[in-house]
1. Taking the range B:79-93 only, how many residues are within 12 Å of B:ILE45 (Cα to Cα) and among the hydroxyl-bearing types (Ser, Thr, Tyr)?
2. Restricting attention to the range A:538-565, which residues are in contact with a strand residue (DSSP E or B) (Cβ under 7 Å, 6 or more places away or on another chain), free of Cβ contacts under 8 Å to residues at least 60 places away in the same chain and in a loop (DSSP other than H, G, I, E, B)?
3. Pull up the range A:108-117, narrow it to residues that are farther than 21 Å from A:PHE150 by Cα and more than 7 Å from chain B (Cβ to nearest Cβ), then point me to the one that is surrounded by the fewest Cβ atoms within 10 Å (Cβ to Cβ).
4. Name the one entry in B:GLU121, B:GLU137, B:GLU128 that is in contact with a Ser or Thr (Cβ under 7 Å, 6 or more places away or on another chain) and within 8 Å of chain A (Cβ to nearest Cβ).
5. Being open to solvent by less than 20 Å² (accessible area, probe 1.4 Å) and assigned to a loop (DSSP other than H, G, I, E, B) is the filter here; which residues of the range B:95-140 pass it?
6. When the residues of the range A:259-310 are narrowed to those that are at positive phi and surrounded by fewer than 18 Cβ atoms within 10 Å (Cβ to Cβ), which ends up nearest to the chain's Cα centre (by Cα)?
Amino acid sequence: MAIRVFLLLPVFLSSAIVSFSLYEDQAGLADWHQRYIGKVKHAVFHTQKTGRKRVIVSTEENVVASLDLRHGEIFWRHVLGTKDAIDGVGIALGKYVITLSSEGSTLRAWNLPDGQMVWETALHSAHHSKSLLSVPINLKVDKDYPITVFGGGYLHAVSALDGEVLWEKDFTAEGFEVQRVLQPLGSTVIYVLGFVNLSEAVVYQIDSKSGEVLAQKSMAFPGGFSGEISSVSSDKVVVLDSTKSILVTIGFLDGDISFQKTPISDLVEDSGNAEILSPLLSNMLAVKVNKRTVFVKVGGEGKLEVVDSLSDETAMSDSLAVADDQEAFASVHHEGSKIHLMVKLVNELDNVLLRETIEMDQHRGRVHKVFMNNYIRTDRSNGFRALIVMEDHSLLLLQQGAIVWSREEGLASVTDVTTAELPVEKDGVSVAKVEHTLFEWLKGHVLKLKGSLLLASPEDVVAIQELRVKSSGKNKLTRDHNGFRKLILALTRGGKLFALHTGDGRIVWSMLLKSQACERPNGISLYQWQVPHHHAMDKNPSVLVVGRCGSDSSAPGVLSFVDVYTGKEITSSDIGHSVVQVLPLPFTDSTEQRLHLIADTVGHVHLYPKTSEALSIFQREFQNIYWYTVEADDGIIRGHVMKSSCSGETADEYCFTTRELWTVVFPSESEKIISTLTRKSNEVVHTQAKVNTDQDLLYKYVSKNLLFVATVSPKGAGEIGSVTPEESSLVVYLIDTITGRILHRLSHQGCQGPVHAVFSENWVVYHYFNLRAHKYEVTVVEIYDQSRAENKNVWKLILGKHNLTAPITSYSRPEVFTKSQSYFFAQSVKTIAVTSTAKGITSKQLLIGTIGDQILALDKRFVDPRRTLNPSQAEKEEGIIPLTDSLPIIPQSYVTHSHRVEGLRGIVTAPSKLESTTHVFAYGVDLFYTRLAPSKTYDSLTDDFSYALLLITIVVLVAAIYITWALSEKKELSEKWR
Amino acid sequence: MTQIIRSSPVLAFIGLQICFIFFASTLTCTSGSEDSYTITGRVKIPPSNVIGHTAKFSNVKVLLNGGLKITFLRPDGYFTFHKVPAGTHLIEVSAMGYFFSPVRVDVSARHRGKVQATLIETRRSLTEMVLEPLKEEQYYEIREPFNVMNIVKSPMGLMVGFMVVVVFLMPKLMENIDPEEMKQAQEEMRRQGVPSLTSLLPGAGASR
């Protein structure tokens, strides 16, 4: 019987292991989701009323959000379309948030408490122009005070109640550019100031009720304007002239235009070119001259006078009315590791209302923007709070000399992601407290048992969740046996590198990219620089961060080497050449630093690290290094090879010239490149062969030098509605990047992009739009090696008459054949990725980022070209699914379950040490992380495995054995007595 | 979350609020100048008791041509796309907890922006542009409620059940066996010298 028990055990175990998708109480155990908004552009405070204090912000990620001013949490937010950039935000009637977007052509109102859209109005726009939004602060519900919007050459007055356009005025006349729309408080006259060809100032007076032009005045200015403008009061603006050395005050009181010129040299000695800064201060403007910020007061008659000057690294807020007709503004400047916040009265700059000094993390950089808000303290004096936006895009609220809350908004614009290991747990360092008593252990498991049998009370459920988090030790900062704990390194557009813990998503360290050559380099990409696992074990692993000084591709690059464990920069260098492409080579030096080639715009490549050892390794492989470039605009793909050292031109021995090896030119009149893709270089392939149902062998064509290219006819490159099926076709190619040989070409008539593809092992899956069916389609192409097809015979293998050991070369034409199949897919797709595991044994899942910002896990078996309508019995046993015309969308297989990864841009997968499990990290405006087991966790017990149940069963069985034994003994005895 | 599921009356109320059942309205209407037209429609989410997540109108997005234009719903469920050129377009609705079929929308240039809408998944053409979810989506597996049968059916339950049978029913069976036959069997057993416990099993099988 005991033997029977042990025979039954595996059966029981196997049934316990199989866990299907997520149960609701498992959400958040292995995954986390973080919500962000992006770098704040505008902020409007809403603190007047009692109740919740909020700040309404709009960001560079096209997000409009309402934040809790106390804690910085998001009340609500909306992510607008990628082309729907927000130009202005305001609060109307005290209950609606008004946003102007799409270059002043879309006006929306959102309900302030819950973010429900109330109305949406499309406004006329004729051409690109400045867009200006002015929302009356007036709380009165009155059509006399409409929202005035200027955009696209039209001035509109829109009722805040329902979004109705009350009137519109055409300003699209030749050469006329509207600069400012001003409405003096309480007046019904709107002043529209604009320039004609930057040489004539024109002022219109418009009745705000009817939109009638009451008066129009114009006056020519001989010098011409530069376009920089600052409005200082309701009837005056200050403009820079075209030489940027004279400030011109334009007064338009009562419709009369007057100019008053003041050379900057009169205000500041030995001045250079000036620049008008954006903050709006009443009767004053801020000008940047000679790297200093100069405050210029505008007198009653347009007379200018310098009142103060500060260092140029000062950020300022707009001025704000405080009590008694006085206006105040906030300024923030740095001093060492501290920042100083000052609030001054505009009229008396010596009168500092508030002076606070706050310790600031160096890795946040400088202050970019300040938004100020005041409140009345209990003692009736004015209190101030300031919302500041830092250089790394983070958002902080300062109040009473402290940082009340901060949000790491840099993480909303992640550009590249890689993963890194945590340090190994050292001996003698006990990280977790050793398991409590046996009783507590049992108690925990009984609780879990109750949970799985749905007998747990709500308190028990909480206790179980706590226990699970605690017992898993998932937040420790050391490596674990299964490789579940890792660091996710994320580089943001603001040039900051974050290390996030996979356990709970907290920031372990962060580092701002620095450069001597420029103020703020942009982050481009991340590479594994040094991953010691054989030699140099005493070294910490490090990553290479590639940045660029400016947005142009010819701008000089910046390299930074960062220690992964500590987050400290080891070295950084301004490399002096541009960065077009970074090629990690498959060679490492004796300290396991990976060799990298960086190609620049002039056709040279540079070798890193710059050591003689690296150079000698590189010289040995000189002939075997190939790479390709894609010129998507011209439709050309070029293959390159190393030529020689560029010693003739520069003395740099790590610089090499290259030579073009092949080109593939797509005819520009019929094909346009829209997508290119290669395999991940670090992908592991477990087996080269695939066994068919009829015991037939197929050899996968596994090559790292395959490039997938998708082209569409130029007409079909636009959006979906713009082309008919006859006009558009999609062609995909598989190109060998060593020889430029086209291995496979597949054309889809009546289809168009956008193409989203994923390339893994020997297959490509791509998603595109079929115009005839008006549906999205997914096609899989698998590529197999024909030349090895004869190696099926066992005798051949034994006698050595096979070609398995023959070297694979790109010089001979590979005999390949492909299999492909297409399916419909019911949703638009933003990105596709594939799971990756340590050894590549586990079956793969496609991770499809859908248009709804969710991630769908789709088994690779659904996109298998061997699927047929009626699979045979043998095929069914192998797991081939009967062919259906569309791919299933099973709601339970959304890995993001009830979350949305707003603004989803990319999905990154990384293997854990456990073969069954893979890390999945998705980034967009939000971040999401989870662990996936595509074929279930066949190599470990799940978290919710109940040891208590197992123990109880064993105890019961043992007891039963004894009881039956005793019974049978008794029986036997009585038999004997009979 | 579980609490929400259980409190169905509350949900039904929310559901009622969500569903704004208006009488049929002439929709799919457009107006526009020259080459740009307007597509207007409405999203209707039926009340439901099964949803495990509160569906809010404020979290619904309507997307034109794969996200090229995004708009949101008004409180009454209406949405509008402005400045849409004539041609064949695709409208998708993204709402957590619901699956909407993509909609093919033909904006006719000849008929001054007349709009024809067809549900792509079901190939049903819409007379008015009212989009309703094809099905609800449940993102979590539903835990089976506590059930004695589940326990019994589980391998452990089967084992325990088997033991119970052996312990309690077997002696009863033994009693029914003819004493002479029993004696014979015991004789046999003694000859074979096997332990008594295991020999009970074939004996029981024979008696059936």
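The values are calculated or read from the model by the stated rules, or taken from the named source; none is laboratory data. Only a predicted model underlies this, so the values are computations on that prediction, with no experimental measurement involved. All Cβ positions, glycine included, derive from the backbone under ideal geometry; neighbour counts span all protein chains shown. These area figures cover heavy atoms from the full protein model, side chains too; ligands, DNA and RNA do not enter into them. Shrake-Rupley method; radii C 1.70, N 1.55, O 1.52, S 1.80 Å.
1. 0
2. A:LYS539, A:CYS549, A:SER551, A:SER553, A:SER554, A:ALA555 - these are the residues of the range A:538-565 that are in contact with a strand residue (DSSP E or B) (Cβ under 7 Å, 6 or more places away or on another chain), free of Cβ contacts under 8 Å to residues at least 60 places away in the same chain and in a loop (DSSP other than H, G, I, E, B).
3. Only one residue fits best here, namely A:PRO113.
4. Details: B:GLU137 fails: in contact with a Ser or Thr (Cβ under 7 Å, 6 or more places away or on another chain); B:GLU128 fails: within 8 Å of chain A (Cβ to nearest Cβ).
Step by step, each of B:GLU121, B:GLU137, B:GLU128 is checked, and only B:GLU121 is in contact with a Ser or Thr (Cβ under 7 Å, 6 or more places away or on another chain) and within 8 Å of chain A (Cβ to nearest Cβ).
5. Narrowing the range B:95-140 to residues open to solvent by less than 20 Å² (accessible area, probe 1.4 Å): B:95, B:97-103, B:105, B:107, B:113, B:115, B:117, B:119-120, B:129, B:131, B:137, B:139-140.
Residues satisfying the conditions are B:GLY97, B:PHE100, B:SER101, B:PRO102, B:GLY113, B:ILE120, B:MET129, B:GLU137, B:TYR139, B:TYR140.
6. Applying the first criterion (at positive phi) to the range A:259-310 yields A:270, A:283, A:290-291, A:302.
Keeping just the survivors that are surrounded by fewer than 18 Cβ atoms within 10 Å (Cβ to Cβ) gives A:270, A:283, A:290-291.
On the way: A:ASP270: 45, A:ASN283: 41, A:ASN290: 37, A:LYS291: 34 Å.
Within the range A:259-310, the match that is nearest to the chain's Cα centre (by Cα) is A:LYS291.
Residues checked against (1) modelled with pLDDT of 75 or more; (2) surrounded by 14 or more Cβ atoms within 10 Å (Cβ to Cβ); (3) at the interface with chain A (Cβ under 9 Å from one of its Cβ atoms):
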| site | (1), (2), (3) |
| --- | --- |
| B:ILE142 | yes, no, yes |
| B:VAL148 | no, no, no |
| B:PRO155 | no, yes, yes |
| B:LEU173 | yes, yes, no |
| B:ARG208 | no, no, no |
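To keep it simple, each residue is scored yes or no on (1) closer than 25 Å to A:GLU421 by Cα; (2) open to solvent by less than 40 Å² (accessible area, probe 1.4 Å); (3) more than 14 Å from chain B (Cβ to nearest Cβ); (4) modelled with pLDDT of 90 or more.
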site: A:PHE824; (1), (2), (3), (4): no, no, no, yes
site: A:THR831; (1), (2), (3), (4): no, yes, no, yes
site: A:VAL834; (1), (2), (3), (4): yes, yes, yes, yes
site: A:GLY849; (1), (2), (3), (4): no, yes, no, yes
site: A:ASP853; (1), (2), (3), (4): no, yes, no, yes
site: A:LEU856; (1), (2), (3), (4): no, yes, no, yes
site: A:VAL863; (1), (2), (3), (4): no, yes, yes, yes
site: A:ASN870; (1), (2), (3), (4): no, no, yes, no
site: A:LYS876; (1), (2), (3), (4): no, no, yes, no
